[in-house]
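What follows is a single structure, written as structure tokens, with notes after it.
FYI, it's all coordinate maths here, none of it is from the lab. Please read these numbers as outputs of a predicted model, since none were measured by experiment. Neighbour counts are summed over all protein chains in view; Cβ atoms, including those assigned to glycine, are modelled from backbone coordinates with ideal geometry.
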Amino acid sequence: MDGGRGHSTNCRACSQLDGFLLDMVHSVGAWTYLVLFLIVFCETGLVITPFLPGDSLLFAAGAVCAVPDSPVRVELMAPLLFVAALLGDNLNYHLGRFAGPRAFSGRIRFLNPTHLEKTQKFFVKHGGKAVVLARFVPIVRTFAPFVAGIGAMRYRTFLAFCLLGAALWVGLFLTAGWAFGNMPWVKANFSKVVLAIIVLSLMPIAIEWWKHRAEVRREATQVQS
């Protein structure tokens, strides 16, 4: 019962996010750019803030940009949030390099070793593509740059995948919100639309998982024969 109430609460919060942003735009005007920049930067750059909105925030921001007479413009919002995501990932990477293996020991109080271990397995499974794919997975999105910095990836390789991942993440959700966010049906079913976009963005990970499973089964069959 509690889980159901929690899920309902999250859906209501998601569906009200675009209204909240619209109210904020009317209240603070162009300062909205700074507020959203900081949210995206912290959500991607600090391992202690994986709870901040990501996908739904970008979609809602795009929808707000499309509102007639809105003081925020998508052509400014897109590069700004791209830079926020890029800077956040790079900060997180270097924090991971600084923390090193101690991060997995449990001695750093604000780090969850379970989340780190899951993200590390994600890297082992997907290789360099993990940086791009992780952009579309809540929690993993926050911890992936940190784990990469601990030792899972060289910085030049990380930076290349980081640029691609940030561009795809911001571009997909912000553009989708700008193009469709103000349609009456979308506004009435905001949380469902965001969920559908997240599911679609997770398809590459599902395909990779299916390929990995098929390869494991094939190898097991060859060993048995």
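Using a 10 Å cut-off on Cβ atoms, rank the peptides 136-142, 63-69, 48-54 from the highest mean neighbour count down.
136-142, 63-69, 48-54
How much length is gained if the chain between residue 34 and residue 220 is pulled fully straight, taking 0.36 nm per residue apart and subtracting their Cα-Cα distance, in nm to one decimal?
61.6 nm
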